[in-house]
1. Run GLU273 past the list (1) more than 28 Å from CYS380 (Cβ to Cβ); (2) open to solvent by 50 Å² or more (accessible area, probe 1.4 Å); (3) touching a helix residue (DSSP H, G or I) at 6+ places or on another chain (Cβ under 6 Å) and report the number of the one that doesn't hold.
2. Across segment 364-376, what is the total count of residues that are open to solvent by 10 Å² or more (accessible area, probe 1.4 Å) and free of Cβ contacts under 8 Å to residues at least 40 places away in the same chain?
3. Does ASP289 meet the test of being more than 22 Å from the chain's Cα centre (by Cα), modelled with pLDDT of 95 or more and not β-branched (Val, Ile, Thr)?
4. Could you list all residues from segment 126-157 that are outside any loop (DSSP other than H, G, I, E, B) and surrounded by fewer than 19 Cβ atoms within 10 Å (Cβ to Cβ)?
5. What single numbered condition from (1) assigned to a helix (DSSP H, G or I); (2) open to solvent by 20 Å² or more (accessible area, probe 1.4 Å) fails to hold for PRO402?
6. Test LEU390 against the criterion of being in a loop (DSSP other than H, G, I, E, B), without any contact (Cβ under 8 Å) to a residue 60 or more places away in the chain, of a type outside the set (Gly, Ala, Ser) and within 23 Å of GLY335 (Cα to Cα), and give yes or no.
7. If you scan segment 354-363, which residues turn out to be open to solvent by less than 10 Å² (accessible area, probe 1.4 Å), on the phi < 0 side of the Ramachandran plot and modelled with pLDDT under 95?
8. Looking at VAL261, VAL247, VAL226, VAL176, which is the one that is assigned to a helix (DSSP H, G or I), within 25 Å of ALA315 (Cβ to Cβ) and not aromatic (Phe, Trp, Tyr)?
Amino acid sequence: MSGTYLGMPSFPEAAREAVRDETLRGNLRHATHTIRAKRARAVAELSDWAELREAGRRIKDHTLRHLDRYLVRLEESVTAAGGTVHWAADADEANRIVTRLVQETGESEVVKVKSMATQEIGLNEALLEAGIHAYETDLAELIVQLGKDRPSHILVPAIHRNRGEIRDIFRAEMGVWGRPAPADLTDTPAELAEAARLHLREKFLRAKVGVSGANFMVAETGTMVVVESEGNGRMCLTLPETLISVVGIEKTVPTWRDLEVFLQTLPRSSTAERMNPYTSMWTGTADGDGPRAFHLVLLDNGRTDTLADEVGRQALRCIRCSACLNVCPVYERAGGHAYGSVYPGPIGAILSPQLRGTQSEIDASLPYASSLCGACYEVCPVAIDIPEVLVRLRERVVEGGPVVRGGNRVVLRPARGHAAERAAMRAAGWAFARPGALRAGQRLASRTRRLHPRTLPGPGRAWSASRDLPAVPVEPFRDWWQRTHGGKDGAK
């Protein structure tokens, strides 16, 4: 299992298989509808939600514009508090750093929490190659790991599984990884949670090394922040002797005051709670309290390349609440695996192609995994205009052009399979720039409307296979306006 899932088929192919799975669609429909209804009620409680949303957007944009300065401040603060900062330009470097740090402890096991960034870089696989076993401790992540599966949702990675499937996974796999599940385990939530708790407890008490991510990093003090709902994060962050946090550089916020905004918006947008049950914060190391060694691995892995795009950089505002997934009609039907990334749904459709580039088949198809309905933008707590970025990325796929990759400005060639689209857009541009030609074309289309096919031929078949071809009116708008209004704007 790869953290990036490159080599998967394009989104249309993967989605075509997913929508045939009635169990998957039922699981997704029930879960997403439930979560978004709860979120709507939680957000409605705040009269200043719009102001909080705008404040979050401004804080993130300010931080991204001055990220170099705040990252240096963060490093200074972490170091002053007794921690050690490591800089990782890409996934390979981050994996080497973490593997070396674990090996230096002499341990062969680690427990993990809040680790989307480590899934992004494929850390579990890298550690396993070095003989180190990584155990996921979040309940949903545990289900995914035991089931030899992949996450399909940001907040609920096992959203594609129902209770019966989870029971079967626990019965079959828990004994292989550690304490087995009870032989008479049922699919009731309380029993499943108790089985997971007992299974994980022995790993918490035995582990000497913890690996975490972070929701936020406060540059002012060097403080890491993890919000979670189960308490496994608190165990991973306090019991091990060594703690290694792998965090994307965009998770930085300047001050404690800035953090206050996100601690209001993130819980309501993700779990529909007024605040998270567990909000853990740690700053470096402290004598007799928590880990004796703390390492922070700051991960780039395409983030500074994304930052160079004035439109696309807003994807880095994301606080991983998953609200956009829960309202997306495409995600609800296709599921998270079709996106070929640890970041599924609308945010994944704009983040993955920027972090990884659009050269692969799956990444070139992701900007098209949307109806552009705009529901994702409406619920985003930091006002990421996902449709705007999707259109920007579609242009990049079709037309190519200059981008920044690996810190260098390069010129991308247009992706294969879009020649007809480029030709159509150029023809439309030529016609729109010439009113006479446009008028003649409209009149010809109206007069031959009875001869028009119901579907487009050739490459256009892909478009009309899932859409009704708009009917051409009896007469063009220009002719109708001239006939009924005499061409005068003020006519009644």
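The values are calculated or read from the model by the stated rules, or taken from the named source; none is laboratory data. Values in this document were obtained by computation on a predicted structure and should not be read as measured data. Every residue, glycine among them, receives a Cβ derived from its backbone with ideal geometry; neighbour counts consider all protein chains shown. Just so you know, the surface numbers come from the protein's heavy atoms only, side chains and all, with ligands and any DNA or RNA stripped out. Shrake-Rupley method; radii C 1.70, N 1.55, O 1.52, S 1.80 Å.
1. Of everything listed in (1) more than 28 Å from CYS380 (Cβ to Cβ); (2) open to solvent by 50 Å² or more (accessible area, probe 1.4 Å); (3) touching a helix residue (DSSP H, G or I) at 6+ places or on another chain (Cβ under 6 Å), GLU273 misses just condition (1).
2. So the count comes out to 2.
3. no
4. Listed by number, the residues that qualify are LEU128, GLU129, HIS133.
5. With respect to (1) assigned to a helix (DSSP H, G or I); (2) open to solvent by 20 Å² or more (accessible area, probe 1.4 Å), PRO402 is out only on (1).
6. No.
7. Once the filter is applied, which keeps residues that are open to solvent by less than 10 Å² (accessible area, probe 1.4 Å), on the phi < 0 side of the Ramachandran plot and modelled with pLDDT under 95, segment 354-363 yields ILE362, ASP363.
8. Of the residues listed, the single one that is assigned to a helix (DSSP H, G or I), within 25 Å of ALA315 (Cβ to Cβ) and not aromatic (Phe, Trp, Tyr) is VAL261.
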